[in-house]
Every structure is written in C-alpha cells, then in structure tokens.
1. Counting only DSSP beta bridges with both residues in the chain, what percent are antiparallel, rounded to the nearest 5?
2. Determine the gain in length on full extension of the stretch LEU287-GLN275; use 0.36 nm per residue of separation and subtract their C-alpha separation, reporting nm with one decimal.
3. With each run of n ≥ 4 DSSP H residues scored as -39500 (n - 2.57), what mean residue ellipticity at 222 nm is computed for the chain after dividing by its residue count and rounding to the nearest 500 deg cm²/dmol?
4. Of GLN79, ILE217, ALA289, whose Cα points farthest to the positive end of the dipole of the chain (charges on the beta-carbon: +1 Lys, Arg; -1 Asp, Glu; origin at the Cα centre)?
5. State the label only: which of (i) 22.5; (ii) 18.1; (iii) 27.8 corresponds to mean projected area of the Cα convex hull in nm² computed from the shown model?
6. At a Cα cut-off below 20 Å, give the lysines reachable from LYS9, other chains included and same-chain residues fewer than 8 away excluded.
7. Aspartates and glutamates near LYS64 by alpha-carbon distance under 17 Å, same-chain residues fewer than 8 away left out - which ones?
8. Can you work out the Karplus-derived ³J(HN,Hα) for every residue in region 220-226? Use 6.51 cos²θ - 1.76 cosθ + 1.60 with θ = phi - 60°, whole Hz, and x for glycine or proline.
Amino acid sequence: MAQQQKIRKAVFPVAGLGTRFLPATKAVPKEMLTVVDKPVIQYVVDEAAEAGIEHFVFVTGRGKAVIEDYFDIQYELEQMLRERNKNAELTLLAGLLPKAGTASFTRQQVPLGLGHAVWCARDIVGSEPFAVLLPDMIMSAEKGCLRGMVELYEKTGGNVLAVQECDPDQAHKYGIVGVGEAVGNGFRITQMVEKPPKGTAPSNLYINGRYILQPEIFKILYTQERGAGNEIQLTDGMLTLAKSQEFSAYKFTGETYDCGAKDGFILANLAFALQRADIRPAIEEPLKALIASLK
C-alpha cells in the first residue's frame, strides 16, 4: 500500500447568508445557531478534529466575524468563571479552543458559489490534499464521517467523497454517484451526476457534504465557468478533475441532519438532545406526550 500524503487541513465554507433562517440570521450567522448547547459549526469542527485534522480553514464573509471570535479566548468571560469557581465551564471552553496558529480565516468577498469559496482557501491549503466539510451538515455516528473517509483515503489516495443512501424517488434532488469496484471500506466512483432527471440516476447514493480533494482542484476552479445559479460549482470542478484522477466513495451509514433547513435543524436538536444523559430524562416523556397529542 502506497504511503499517502496526510490530510492535515480542512476547509469550512461559512460565508453563506442563511436566508432560509431569517430573521434569526439577520444578526447571527447560521453556523452559530445552536443545536442543544453548541453552535452548528462546533459539531463540524469536532468531526474534523476526530479525523486528525490539524489546521482549520474558515472561508467567511461579511457579518461572520463572530465565528472568528468564537474560536478565540474570551478574557472577561473566563475571568468571571474563575472568580465564581466555575471550573467545569472553564474546562469545557478550554477543550473547544483550537491550538494557537491552527485556525485560519479568509474572506469570500462575493458569494459566487461553493467552488469559489473552496478556491478562496488556495493559498492557505497550498499544494497538499485537504478536506472540505459543509457546515450545514452535521452527522451522528459511532465513527465520524470524515474519519472513515480518511481511512479510505489512506488505502486509495486520490479524491474521496462521502455518500449515503436516499429514497430512490428523491435522487433527482441530489448529486448522485455511480458505483464501481469495491475498494477498502468504499468503492470507486464511475460517474457524478448533479440532480439527475427522475428515473435516470445511476444509484441512490448522494454526496452528503464531505470531500477529500487533491490540490489540483484549485487550478480547475480558477478557470471554471459559472454553472447552475450562475455560480462556480464544486461539482463541475470535480467532474473535470475526475478526467485525470480517481474518485472513491465512503458510504456513511449514520444520520445526517441538514441544519441549513428548518426541518433538519429541528430534528438535529431533538436527536442530539435525546443522546444526552443530562437532558433525555427531562424531555423524553413530554416529547412522547406531544407526539401523541398530534394523532
């Protein structure tokens, strides 16, 4: 097995406006909306850290400075906690803080799509393979999604996408992959189709917002013509890259919650709250009663 260059850096495109959550996102970035007691972005960063990511690259936009503040020390808050002997809270905050120099922030001045946002991180990522994690998508599983992808990458090299099953009748809503030969804990991707017409999808496996990409994608994105929505699409760039490099897929079998949509955000709050031993006893019976009242 060839030794692959380690995946050290991860890109988090956090410049989106969050219009589906107005009016809340008029003043609060959608990535800072809380699922139970942590902002959405923290869940995604935790997943990256579990996978061995050493450098976290945030592609931000106007009004997103609070994300940078969140990943920094809050002196006044920590001093108050010390004075009140809130040691558990201090330990919690310290555990969430990235080490000095391991978080970088760059701006996407104009919202030109996911491909453009990834391209904005080119100088920080440099000439090494990297991960991309969409911050809207948070996942629940015994093994983190990106960790499973890294394990596959260590066997295959190249590019790795995370996929999971959807209802075949819903495949036209997603980016769908074609299934090739099995490799490691995944399979080779034979094709990628963005929102295929009903009845034409090559499978029911959709790309769920996690990517490991080779740095050659940056040169492609630089010259990539605008696609759907008049934006520079990452999928278009990957299709070009697939002409010269292999793509593999890691099939994620946990739960994915799209926190960019109201229903996914609400379900994520319920699911993660029910996983908490300190919260579940207080909400389980009221939730059952609420559901029963709807019948």
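1. Roughly 60 percent of the DSSP beta bridges within the chain come out antiparallel.
2. Stretched out fully, the LEU287 to GLN275 stretch lengthens by 2.9 nm.
3. -9500 deg cm²/dmol
4. ILE217
5. It is the value labelled (ii).
6. LYS99, LYS143, LYS155, LYS219
7. GLU31, ASP72, ASP136
8. In residue order, the calculated couplings are 5, 5, 4, 9, 5, 6, 5 Hz.
The values are calculated or read from the model by the stated rules, or taken from the named source; none is laboratory data. Here the structure is a predicted model, which means the values were calculated and not measured. Cβ sites come from the backbone with ideal geometry, for glycine too, and all protein chains shown count toward neighbours. With ligands, DNA and RNA removed, areas are computed over all heavy atoms of the protein, side chains included. Shrake-Rupley method; radii C 1.70, N 1.55, O 1.52, S 1.80 Å.
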